[in-house]
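Comments concern the structure below.
The values are calculated or read from the model by the stated rules, or taken from the named source; none is laboratory data. Keep in mind that this is a model prediction, so the values were computed, not measured. Because the Cβ atoms are built from the backbone with ideal geometry, glycine has one as well, and the counts that use them run over all protein chains shown.
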Amino acid sequence: MGLFALAAGFWAMGLFFMYCIYETHKARHIFSEQSIRYQGAIRSKELPLEAVRGYRTDNQYTHIVPVSKAYPGIRIGYTSEGYEDIQQWLADRFPDLDVQQQEQEAQEILQDDALGRTEAEREEKLLQAQRLCRVLNIAAWAVAAWLFFYPQPYSLATQAALALPPVALLAMFWHRGLIRADERKDSAYPSLASALFMPSLALLLRVLFDFELLEHTLVWPLAAAVAAVFGGLLAYGSWRFISNSASRWSALAMLLFCALAYGYAAPAAYNCAFDKAIPQVHQAAVHGKHSSSGKTTTYYLAVGPWGPRTTPEDVTVTKELYEQTQAGDTVHAYLFPGRLGIPWFSVEE
């Protein structure tokens, strides 16, 4: 029964995928002075021009937005024939709702007495926040690339990645209510999404690539505590946007991603990268090796029991060690106590 359900699920997914391809191939958008019509292989919908409120654009689609839910919305993929001409046709007739939203928010900022006594003072604060966000976001991309592609010196690159998200958080408190954690194309509020997330992501990838924790259960309580504190402070700094129903879910999603990534990566990276203790050295017999490929290739040695590990297991190693090691060889497992008391190890020749 389970195999039948699995097979049925795969068939359903395959049929749906084929339908999507066929629908995309047959779909047409017809523009007239009366309406915009979508004509697909099976379904169609029509939106009168007088019912069009405007349009929004993202990386994949132009969304034609109706004045109410009584009318259907229509989206046009960027691969559609004559896409640039369609965008120009829309721009000549309807407002760009992203630009309109930005202008409305910019006026809200300039009229917010909490940000300054005069409009000139409030405009200057907005410019300061924009410049600060630009600097921190550029720094975040630079640090993430440094840590991920060439982390030398390792401790300095790790320190920079550990420091940037808290610095971004402090910037949010300094300009509280003026800087958002998430990034929205239609918003006039400057964003620190890159400064909060990119260093955390780079740290997380380095931890996964470079270190093997002896027991992951030991890191979870600390990771949960860091995630709760960081996420709570981020929620406090983002409360203006969380309390707004229009931006609540994107703000909460970014808060969750940043809190979880930094919550795990920060204590794990600090525990391993700054552990200066002399390790215990154990010998482990190599039983075999294999690799897994995707966007990156990960190399594994199958090793026998060693030290506190009483069963055979796969351990990640460098490409160099993988290539020069064969089944029957012996490698050394270096067991470290961890700067935060979370034991970890590395396998070398």
Residue tally, condition of a type in the set (A, V, I, L, M) and either under 23 Å from PHE336 (Cα atoms) or in contact with a Ser or Thr (Cβ under 6 Å, 6 or more places away or on another chain) (or both), over segment 226-247: 1
Taking segment 37-72 and keeping only residues that are touching a residue at least 24 places away in the same chain (Cβ under 8 Å) and charged (D, E, K, R), one is left with LYS45, GLU46, ARG53, ARG56, ASP58
Would you check which residues across segment 173-190 are over 19 Å from ASP98 (Cβ atoms) and of a type in the set (D, E, K, R) and list them? ARG176
Surrounded by 15 or more Cβ atoms within 10 Å (Cβ to Cβ) and at pLDDT 80 or above: does that describe ASP92? no
The number of residues in segment 55-86 that are among the polar types (S, T, N, Q) and closer than 17 Å to ASP98 by Cβ is 4
Is it true that some residue in segment 248-266 is assigned to a helix (DSSP H, G or I), basic (Lys, Arg) and out of contact with any Ser or Thr (no Cβ under 7 Å at 6 or more places or on another chain)? yes
Mind listing whichever residues of segment 41-60 are surrounded by 15 or more Cβ atoms within 10 Å (Cβ to Cβ) and not acidic (Asp, Glu)? LEU47, ALA51, VAL52, ARG53, GLY54, TYR55, ARG56, THR57
Of GLN100, GLN111, GLN104, the only residue that is touching a strand residue (DSSP E or B) at 6+ places or on another chain (Cβ under 8 Å) and farther than 21 Å from LEU208 by Cβ is GLN100
If you go through segment 201-209 one residue at a time, do you hit one that is in a loop (DSSP other than H, G, I, E, B) and out of contact with any Ser or Thr (no Cβ under 8 Å at 6 or more places or on another chain)? no
From TYR300, TYR334, grab the single residue that is outside the structural domain of GLU212 (by TED's automatic domain parsing), in contact with an Asp or Glu (Cβ under 6 Å, 6 or more places away or on another chain) and not polar (S, T, N, Q). TYR300
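Rundown of residues vs (1) of a type outside the set (D, E, K, R); (2) within 17 Å of the chain's Cα centre (by Cα), yes/no style:
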{"residue": "VAL167", "(1), (2)": "yes, no"}
{"residue": "LEU178", "(1), (2)": "yes, no"}
{"residue": "GLU183", "(1), (2)": "no, yes"}
{"residue": "ALA188", "(1), (2)": "yes, no"}
{"residue": "LEU192", "(1), (2)": "yes, yes"}
{"residue": "LEU196", "(1), (2)": "yes, yes"}
{"residue": "LEU203", "(1), (2)": "yes, yes"}
What are the residues in segment 134-154 that are hydrophobic (A, V, I, L, M, F, W, C) and touching a Lys or Arg at 6+ places or on another chain (Cβ under 9 Å), if any? LEU147, PHE148
